[in-house]
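Data block below; observations after.
The values are calculated or read from the model by the stated rules, or taken from the named source; none is laboratory data. Every value quoted in this text rests on a predicted model; they were computed, and no experiment measured them. Because the Cβ atoms are built from the backbone with ideal geometry, glycine has one as well, and the counts that use them run over all protein chains shown. All accessible areas refer to the heavy atoms of the entire protein, side chains included, with ligands and DNA or RNA removed. Shrake-Rupley method; radii C 1.70, N 1.55, O 1.52, S 1.80 Å.
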Amino acid sequence: GHEVMIAIVQDRQAVSNPDSWAGFLNFVIDEVGGVVTAVEICHAVNRIKWGVHGPNDQAALLKPVVKLQEKFPEITFTGPACIDFEYHYVLAALENAEGLYYGALSHHLYVDRRGAPENFQGKFSTLEKCGLLRAIAKVMPTCDDRVIVSEVNWPLEGTGIWSPVTATYMGSDAPEHPLSVSEFDYGIYMLRYLVISICSGFVDKVYWWRLVAHGFGLVDERAEGGWRERIAFKMLCVFLEQLGSATFVEKFEMEDDIYALRFERGDEKIIMMWCNGRAYSGPWPVKFKYALNASGDLIEIKEVEGSPVYLFV
């Protein structure tokens, strides 16, 4: 009952041996045809470690996909799957689509080591980055104007070389990477990212990447005694329980770095509220009956900080 999207990952061998790459694509798409609704072609093509050294390499990887798009019209092929806020690569990749039409512009939109999702990179926070990405999708003739954020996470403290910002040659005595965050901050940052991006109106879907991973997942598969749900897993469950079927209605005008968004779920009104880098103790945007914290616990509100709360009107 759920839509499934898969991502195709390439390496340098895919570029240097095009027949092998074409055979791989045909095998995979034949196997998943009729099961999945979307396929993201290629992976982080603006990072040389994934085998793509320039636009010609990217174009070569897309050639066999054009025939597959004709064979499987029910599958949405997405891309160009660039990573981070480097949209000049996105434009170049879309111009070299080799006859492929992307049913959605999919992108790995990280916060580029800026900490919270509300923090700015130049004049662009996550919100503005989503807006610019949607603008690119609207003007480029090689893709539909839908935007999918197919990969986002924060690197976790204490996970060493399994963190996405840590080099694989890192020694055992090397200091913790300064960009890593606690499991709690990881959870609240991801919730805030989801709300900002989806409620922006610019982004159609966001995939929390990944569900299971030691360095950046909702579940730690390397925990002693077996898989361990992180606090973010509980936070996501609560988020989906409270807002998964709700409709975003409005964002309240608040002081700087204070966020209050109103949702409706049937006859119920829910305010999701948080702060970035500060605390707030009122006045509240509306009179509410009760409140839950990000983990779903009933709480008495005295002030709001970085962890989102749900206010029920």
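So the values come out like this:
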item	result
Computed over the stretch 244-313, Kirkwood Rh from alpha-carbon pairs, angstrom	12.2 Å
Per residue value of the accessible surface for the stretch 210-313 (all protein chains in place, 1.4 Å probe), Å²	55 Å²
Normalised convex hull volume, the stretch 170-313, alpha-carbon set, Å³ per residue	146 Å³
GluC sites (Glu not before Pro) lying in DSSP loop within the stretch 1-93, provided at most 15 other Cβ fall within 10 Å	3, 74, 86
Calculated [θ] (222 nm, deg cm²/dmol) that DSSP helices of n ≥ 4 give over the chain, each run adding -39,500 (n - 2.57)	-9000 deg cm²/dmol
Trypsin sites (Lys or Arg not before Pro) restricted to DSSP loop in the stretch 107-146 with at most 16 other C-beta within 10 Å	113, 114, 123
Area of residue 162 that stays accessible when all protein chains are in place (1.4 Å probe, Å², to 10)	110 Å²
Those lysines that a straight Cα-Cα span of less than 16 Å connects to residue 63, excepting residues fewer than 8 apart in one chain	71
Carbon/sulfur fraction of accessible area - the chain, other protein chains in place, 1.4 Å, %	52 percent
Longest to shortest principal axis, alpha-carbon extents of the chain, angstrom	63, 50, 40
With Cα atoms, 0 to 90° folded angle of helix 18-32 axis to the chain main axis	50 degrees
In degrees, nearest ten, helix 55-71 long axis to first principal axis of the chain (Cα)	90 degrees
Helix axis angle, 231-243 relative to the chain longest principal axis, alpha carbon, degrees	80 degrees
The stretch 149-195: GluC sites (Glu not before Pro) in DSSP coil with no more than 12 other Cβ atoms inside 10 Å	176
Per-selection metrics, the stretch 1-75 (Cα): Rg and Dmax in Å	12.5, 39
